[in-house]
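Input: a single structure, listed below in structure tokens.
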Amino acid sequence: MDDPDLRTLISDLSQQSVDFARCWEMHGVLAREGGLRTFNYRTDGFVSYQQVSLTIAGWPDFRLTMLLPAMS
């Protein structure tokens, strides 16, 4: 939250979306480093993915995040 651009983005999103503002205030918007993620798709129901996040060498402000199909 030290980044002024990020604070501006959060402010703009909060003003434009009551849902975003509510989730942000509830701390429902959190950074995730990895783990199991499950989404409820209208057509496919619940689908799970393994989230993998990698920091890019030499670029500490950038991260590559992938959602890979979870193995059952």
Just wondering, is there one or more residues in region 15-34 that are in contact with a strand residue (DSSP E or B) (Cβ under 7 Å, 6 or more places away or on another chain), exposed (fewer than 10 other Cβ atoms within 10 Å of the Cβ) and part of a strand (DSSP E or B)? no
Residue under evaluation Phe46, criteria (1) touching a strand residue (DSSP E or B) at 6+ places or on another chain (Cβ under 8 Å); (2) open to solvent by less than 100 Å² (accessible area, probe 1.4 Å); (3) not β-branched (Val, Ile, Thr), criterion not met: (2)
May I ask you to list the residues in region 50-66 that are closer than 10 Å to Gly34 by Cα and either open to solvent by 100 Å² or more (accessible area, probe 1.4 Å) or touching a Lys or Arg at 6+ places or on another chain (Cβ under 7 Å) (or both)? Gln51, Ser53, Leu54
Exactly one condition in (1) under 26 Å from Leu6 (Cα atoms); (2) at pLDDT 85 or above; (3) assigned to a strand (DSSP E or B) is not met by Asn40; state its number. (1)
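The values are calculated or read from the model by the stated rules, or taken from the named source; none is laboratory data. All of these numbers come straight from a predicted model, not from anything done at the bench. We place every Cβ from the backbone using ideal geometry, glycine too, and count neighbours over all the protein chains shown. What goes into the accessible areas is simple: the full protein's heavy atoms, side chains included, and nothing from ligands, DNA or RNA. Shrake-Rupley method; radii C 1.70, N 1.55, O 1.52, S 1.80 Å.
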